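Notes to accompany the following structure.
The values are calculated or read from the model by the stated rules, or taken from the named source; none is laboratory data. Fair warning: this is a prediction, and the values are worked out from it, not measured in the lab. Here Cβ is always computed from backbone atoms with ideal geometry, including for glycine, and neighbour counts include all displayed protein chains. For accessibility, only protein heavy atoms count, side chains too; no ligands or nucleic acids. Shrake-Rupley method; radii C 1.70, N 1.55, O 1.52, S 1.80 Å.
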Amino acid sequence: MSRKILIAGNWKMNKTATEAVELAKPIIAAVSNRNEIDVLMCPTFTSIPAVSALIGNSTVKLGAQNVSDKASGAYTGEISAAMLRDLHVSHVILGHSERRSYYGETDAFINKKVITCLESNLIPILCVGETLEEREAGKVEDVIKTQLVGGLANVPADKAENIVIAYEPVWAIGTGKTATPDQAQEVHAFIRKTLTEILGTVSDKIRILYGGSMKPANADELLAKPDIDGGLIGGAALVAKDFLALVESGVKAQA
């Protein structure tokens, strides 16, 4: 595979800073000098400094779960790209279904954050995906194309390669349901086709992660598919041994 697999843990609103250290330590120890694939941890904002200190010079990468579209100023409660860069954050999750549904984030607003990340040398992980109702109504491709076109508007051609896309079928997040490997591959292939329409041939270099309840039991089958380049991991990222099992699945798929 030409694209390097990325196994990314989205810790969501879990773990205090003390608990985050306990979770991160065995993961970093196990993969600190491995570089066959990319391993990314995305703790809460309050845990980023402690996890950043632990990561040090290891190959493990550090991500955030959100960022402001503003550079600085009177925006109470917001976190800027420069603040994240100062803590050695390299990736930012954007447009997660929870941000869209609970906090009303629109494609246009998410797009501002995508551009902000790219201008700040942060790698945006743009999340797209359909609800169960949208899938049952046959709107999967319409929904995802709208999210991709809106979220990637005005992306500079020379920065496009740095984008990561995460496909997260909303109906499979935290529900125990998972898209079959074939269902997931079908949507990933459509995403890559749409990326080609939007960005051109650079789409072949853009990694597309599966974010619908990937776990040790299904990772090998999912990662064997040609357009699934890793996973955006929720629940399994909160248990070190499970996350490390997913890392091993990634290494196996990359070989």
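Details
- Filter result for the condition that a residue is in contact with a Pro (Cβ under 7 Å, 6 or more places away or on another chain) and open to solvent by 40 Å² or more (accessible area, probe 1.4 Å), over E221, E248: E221
So that you can scan it fast, the table gives a plain yes or no per residue for (1) within 27 Å of T131 (Cβ to Cβ); (2) out of contact with any helix residue (DSSP H, G or I) (no Cβ under 6 Å at 6 or more places or on another chain):
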position: R192; (1), (2): yes, no
position: V202; (1), (2): no, no
position: R207; (1), (2): yes, yes
position: G231; (1), (2): yes, yes
position: A236; (1), (2): yes, no
position: A245; (1), (2): no, yes
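- Picking from residues in the stretch 108-136 that are among the hydrophobic types (A, V, I, L, M, F, W, C) and assigned to a helix (DSSP H, G or I), the one that is surrounded by the most Cβ atoms within 10 Å (Cβ to Cβ) is V114.
- Extreme residue, nearest to A240 (Cα to Cα), among residues of the stretch 13-43 that are in contact with a strand residue (DSSP E or B) (Cβ under 9 Å, 6 or more places away or on another chain) and in a loop (DSSP other than H, G, I, E, B): P43
- Some residue of the stretch 233-242 being open to solvent by 40 Å² or more (accessible area, probe 1.4 Å), among the β-branched types (V, I, T) and in a helix (DSSP H, G or I): no
- Whichever residue in the stretch 162-184 is in a helix (DSSP H, G or I) and open to solvent by less than 60 Å² (accessible area, probe 1.4 Å) and, among such residues, is nearest to E119 (Cα to Cα): V170
- Single match in V143, V128 (criterion: in contact with a Phe, Trp or Tyr (Cβ under 9 Å, 6 or more places away or on another chain), within 30 Å of Q183 (Cα to Cα) and in contact (Cβ under 8 Å) with a residue 12 or more places away in the chain): V128
- Selection of the stretch 142-160 for residues being open to solvent by 60 Å² or more (accessible area, probe 1.4 Å) and in contact with a helix residue (DSSP H, G or I) (Cβ under 6 Å, 6 or more places away or on another chain) yields only K145.
- Test: residue in the stretch 185-202 that is small (G, A, S) and surrounded by 20 or more Cβ atoms within 10 Å (Cβ to Cβ): no
- Lone unmet requirement of (1) free of Cβ contacts under 8 Å to residues at least 12 places away in the same chain; (2) closer than 30 Å to A24 by Cβ; (3) open to solvent by 30 Å² or more (accessible area, probe 1.4 Å); (4) not basic (K, R) for E105: (3)
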